[in-house]
Amino acid sequence: MAFYEKSLGVSAESIEKVPMDHVEVAFLKVGETMLELIQPLNEKSPVFTFIQKRGQGIHHIAFEIEDLQRRIDILQNEGIRMIDDYPRRGAGGHDVAFAHPSSSYGVLMEYVQSEHRGEL
Ligand SMILES: C[C@H](C(=O)O)C(=O)SCCNC(=O)CCNC(=O)[C@H](O)C(C)(C)COP(=O)(O)OP(=O)(O)OC[C@H]1O[C@@H](n2cnc3c(N)ncnc32)[C@H](O)[C@@H]1OP(=O)(O)O
């Protein structure tokens, strides 16, 4: 966090624990983009495993979309491997679902339900 504060002059807008993933996260707004800094809370966290195996770095990219269950169904119909078949609770209380990096060219993808429900 200190690095982003110094290099970009931004500071955390919110910090919270997300028990399901055993992480603590901080959100920093940079332009229209939210950076999420993630710290594992214990060895059960997928982020702990990630850092052990690959070191620190970019963990995933999240996209805000408008109808999460419909998006999951569409992706699965396209043959994309989803980690989550159904939306689950992520940071900020938002419904989220992850696609497996083996289906997305080595990048872990997160889809986040926007507040607005409507067309994709
Ligand atoms: C809450 C907040 C939020 O925003 O709402 C968050 O994001 S929390 C963020 C933390 N939560 C999550 O990450 C949840 C989704 N992640 C997961 O379910 C898991 O981490 C997973 C399924 C991606 C990997 O779990 P796993 O037990 O299979 O772990 P492995 O270490 O064996 O990884 C299997 C293969 O996936 C690759 N792999 C693992 N993690 C990542 C990643 N972040 N980006 C790209 N590739 C990855 C490994 O290198 C390996 O590749 P190879 O086979 O080639 O060696």
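Any read-out appearing in this document is the output of simple, stated calculations on the displayed coordinates, not a laboratory observation. All values reported here derive from a predicted model rather than from experimental measurement. FYI the Cβ positions are ideal-geometry reconstructions off the backbone, even for glycines, and counts take in every protein chain you see.
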Counting only residues 5 or more places away or on other chains, whose amide H sits under 5 Å from the amide H of residue 23 once H atoms are built in the peptide plane? 18, 41
Sorted by chain and then number, the residues having a modelled amide H within less than 5 Å of the amide H of residue 95, at least 5 places away or on another chain, are 90, 113
Phi-based couplings in Hz for the range 28-34 (Karplus 6.51, -1.76, 1.60; Gly and Pro marked x): 10, 8, 10, x, 8, 9, 9
Mind giving me the FRET efficiency for residue 42 and residue 89? R0 is 25 Å, r the Cβ-Cβ distance, nearest 0.05 is fine. 0.85
Can you list residues whose amide H is under 5 Å from residue 108's amide H, if they're 5+ apart or on another chain and H is modeled 1.01 Å from N? 61
Mean shadow area of the chain, taken as a quarter of the surface of its Cα convex hull (nm²): 8.1
Between residue 78 and residue 58, what is the FRET efficiency for a Förster distance of 25 Å, r being their Cβ-Cβ separation, to the nearest 0.05? 0.55
About its Cα centre, how strong a charge dipole does the chain have in debye, to the nearest 20, once Lys and Arg get +1 and Asp and Glu get -1 at the Cβ? 460
Hey, if you put +1 on the Cβ of every Lys and Arg and -1 on every Asp and Glu Cβ in the range 36-118, which of 109, 48, 62 ends up farthest toward the positive end of that dipole? 48
Expected vector for the range 43-52, Karplus 3J(HN,Hα) from phi with 6.51, -1.76, 1.60 and θ = phi - 60°, integer Hz, x for Gly and Pro, equals 6, 7, 6, x, 6, 4, 4, 4, 5, 4
Can you pull the one-decimal nm distance between simple spin-label points at residue 30 and residue 105, each 7 Å off the Cα toward Cβ? 2.1
Residue-by-residue Karplus 3J(HN,Hα) for the range 67-80, coefficients 6.51, -1.76, 1.60, Hz, glycine and proline x: 9, 5, 4, 5, 5, 4, 4, 5, 4, 5, 5, 7, x, 7
How would you rank 105, 4, 111, 86, going from fewest to most other Cβ atoms within 10 Å of each one's own Cβ? 105, 86, 4, 111
